[in-house]
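Peer 1: After the C-alpha cells below, expect a handful of questions from me.
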Amino acid sequence: MLKRIDVNAHRHATERKPSGQGRMNNLRINLKHLRYFWTVASAGSITRASETLCLTPQTISGQVRELELQIGSKLFRKDGRNLALTDIGQTVFSYADEMFAIGLELQDLLAGSSGTTQSLRVGIAMVVPKLLAYRVLEPVLQLKPPVQLLCHEAPLVDLLAELAVHKLDIVIADSQLNPTFNVKAYNHLLGESTISFFATPKLTQELKADFPASLDGTPMLMPSNGSNLRRDLDSWLEKRSLKPVIAAEFDDRALMKAFGERGAGVFSSPTAVEKDVLDKYGVEVIGRTDDLVERFYVISAEKRIKHPAVSVITQSARHWLES
C-alpha cells in the first residue's frame with residue numbers, strides 16, 4: 001500500500017520555506033511536478049533530466065519550484081556545483097520512487113494481460129563488443145510468447161541516467177555500477193572472458209610466432225582511454241616492456257574491428273566470441289592471454305531480477321561465458 005506523505009511531520013528538518021507558505025492541511029501534489037522532481041533527483045542534475053525529458057532546464061526548474069511551493073519546503077540544496085536532496089527531499093523522493101516503480105509494474109502487467117507483445121528495453125554501453133552483446137541477447141529472440149527487444153547504445157553514464165528514470169529495463173556493461181553515481185541500481189555478473197588478439201592473415205604470419213613480443217612496434221587498434229580493457233591492456237603491455245604503435249583508438253569496438261579487417265592494425269576481443277570474430281571479419285588469431293580478463297554485467301533497477309527475459313539472459317550468458 002502506498003503511504004501518504006506527511007509533510008508537516010518533517011517541517012523542523014527542512015530549510016526555510018518559500019515565502020507565503022504556511023502549514024498545508026489539505027496538500028494536493030501535482031503528479032507532473034512530482035515526476036519532474038523525481039527525474040532530477042534520479043538523474044543527478046537538471047541538465048541531465050532535461051535531456052531525458054526532452055524539456056529545457058528552465059522548464060524543469062520552474063516545475064520543481066512549483067512543487068516546492070506546493071509542499072512548502074525546499075527539496076534540493078546546493079552542494080558545490082551539484083544538487084543534493086534536503087531531508088524532506090529525500091523523503092519525497094523515496095515515496096515518488098515507489099509510486100512510479102509500481103506504476104511501471106502495473107503497465108507491464110496490463111500489457112501482458114491484454115495480449116500486447118512484451119518488450120525489453122536494453123542499454124548497451126558503447127565499449128561492449130557488439131558480437132558479445134548479440135550473444136547475450138540472442139536467447140530473448142527465441143522466447144514464446146515473443147519479447148520485443150528495444151536496444152539503445154550510448155556511453156555508460158548516459159545509460160545509467162536513463163535506467164534511473166526507468167526508460168531502460170537493464171544496461172549491459174563491462175564494469176560494475178560506480179557507487180559515486182546517484183543511481184539506485186544493482187550489478188549482476190554475467191561472466192568473464194580471457195582476451196584474444198587478431199589481425200589480417202598477412203599480419204598474422206609476421207606476428208604469430210613471436211607473440212606477444214611481436215607486438216612491440218606493431219600498429220595496434222585500441223579501445224578508448226578510460227575503458228576497463230584499455231587500462232588493463234596498457235598495464236599488460238607495460239609489464240612486458242612492449243610499446244606498440246597506437247594507430248587509432250575507438251569508443252565503438254565494432255568500428256575498431258572494421259579497421260582491423262582492413263589491415264590497419266592488431267586488435268583484441270573476448271576469447272568467448274573468437275569464432276564469431278573470425279567468421280565475420282576474415283581475420284586470424286595472433287595469440288591469446290589468460291592474464292587479461294574482461295567481465296560483463298547486467299545492471300538493473302531491481303536487486304532481484306523479475307523480468308523473465310532478463311532471467312533468460314543471465315542464465316544463458318553465465319553458461320556460455322564460463323564454458
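Peer 1: If the reach is capped at under 14 angstrom between alpha carbons, list the aspartates and glutamates near Lys78, excluding any in the same chain fewer than eight residues apart.
Peer 2: Once the sequence-local aspartates and glutamates are set aside, what remains near Lys78 is Glu15, Asp87.
Peer 1: Here's a follow-up. Within the stretch 217-311, what is the number of lysine pairs with alpha carbons under 30 Å apart, leaving out pairs fewer than eight places apart on the same chain?
Peer 2: Qualifying lysine pairs in the stretch 217-311: 7.
Peer 1: Using a basic spin-label model with each label point 7 Å from the Cα along Cα→Cβ, how many nm lie between Tyr186 and Glu51?
Peer 2: The modelled label-to-label distance comes out at 2.8 nm.
Peer 1: Working from Cα positions, state the angle (0 to 90°, nearest 10) between the long axis of helix 228-239 and the longest principal axis of the chain.
Peer 2: That works out to roughly 40 degrees.
Peer 1: Ranking Arg28, Arg48, Arg240 by Cβ neighbours within 10 Å, fewest first, what do you get?
Peer 2: Arg28, Arg240, Arg48
Peer 1: Next up: For Ser241, Ser196, Ser73, Ser235, what ranking results if the residue with the fewest other Cβ atoms within 10 Å of its Cβ goes first?
Peer 2: Starting with the residue having the fewest Cβ neighbours, the order is Ser241, Ser235, Ser196, Ser73.
Peer 1: If neighbour count is taken as other Cβ atoms inside 10 Å, put Leu132, Leu242 in order from fewest to most.
Peer 2: Going from sparsest to densest Cβ surroundings: Leu242, Leu132.
Peer 1: Based on Cα positions only, what radius of gyration and what Dmax would you give for the chain, in angstroms?
Peer 2: My reading of the Cα-based Rg and Dmax gives 24.3, 81 Å.
Peer 1: How large, in Å, is the stretch 181-293 by the Kirkwood hydrodynamic radius built from its alpha-carbon pairs?
Peer 2: Answer for the stretch 181-293: a Kirkwood hydrodynamic radius of 14.6 Å.
Peer 1: Compute a Gaussian network model of the chain, connecting alpha carbons closer than 10 Å, and tell me which residue from Leu278, Leu229, Leu120 fluctuates the most.
Peer 2: Leu278
Peer 1: On a straight-distance basis, which aspartates and glutamates could pair with Lys208 in a cross-link, Cα separation under 12 angstrom, same-chain partners fewer than 8 positions away excluded?
Peer 2: Glu284
Peer 1: Continuing with the same structure: If the viscosity is 1.567 mPa s and the temperature 4 °C, what translational diffusion coefficient in µm²/s does Stokes-Einstein give for the stretch 272-321 when Rh comes from Kirkwood over Cα pairs?
Peer 2: 95
Readers should treat all values here as calculations from the given coordinates under stated rules, not as data from a laboratory. Small disclaimer: the values here were computed from a predicted structure and weren't measured. Neighbour counts are summed over all protein chains in view; Cβ atoms, including those assigned to glycine, are modelled from backbone coordinates with ideal geometry.
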